[in-house]
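For reference, the structure is listed below as C-alpha cells.
The values are calculated or read from the model by the stated rules, or taken from the named source; none is laboratory data. Just so we're clear, the structure is a prediction, and the values are computed from it rather than from any experiment. Quick reminder, even Gly has a Cβ in these numbers, built from the backbone with ideal geometry, and neighbours come from all protein chains shown.
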Amino acid sequence: MKLALNLSLFLFTLIILGDESFSISDYKIKKICRSEKNKLSCVNNLRKKRSDLEKGNLIEIPVKPYKK
C-alpha cells in the first residue's frame, strides 16, 4: 500500500514538474560572477546559457571537482 502511494506521488510530481525548467535570475548571475576574475564575460556567458535554456536548447554544465 505504501509503495503504491509513493509511486503515485512520484509520478504525479514528475508529470506536474516534468516540462518546466527554472533558469537563474539576474541577481543570482551577478552573485555567482562576483568572485570571478573577468566579471563581464562571466555575466554574458551565463545570460547566453540562460537564454539557450529558455529556448529549449541543450547547454553544457561544467563540473568542478571537490577539493578537500
Residue 23 is checked against (1) at pLDDT 80 or above; (2) surrounded by 10 or more Cβ atoms within 10 Å (Cβ to Cβ); (3) of a type in the set (Ser, Thr, Tyr) and fails just one. What number does that condition carry?
-> (1)
Mind telling me which of the residues 28, 37 ends up being part of a loop (DSSP other than H, G, I, E, B) and at pLDDT 85 or above?
-> 37
Positions within the range 40-67 being of a type in the set (Ser, Thr, Tyr) and part of a loop (DSSP other than H, G, I, E, B), in sequence order = 66
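Look through the range 26-43, keep the residues that are among the charged types (D, E, K, R) and surrounded by 11 or more Cβ atoms within 10 Å (Cβ to Cβ), and return whichever of them is farthest from residue 54 (Cα to Cα).
Looking at residues that are among the charged types (D, E, K, R) and surrounded by 11 or more Cβ atoms within 10 Å (Cβ to Cβ), I get 36.
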Condition met for residue 5 (exposed (fewer than 12 other Cβ atoms within 10 Å of the Cβ) and either in a helix (DSSP H, G or I) or at pLDDT 80 or above (or both)) = yes
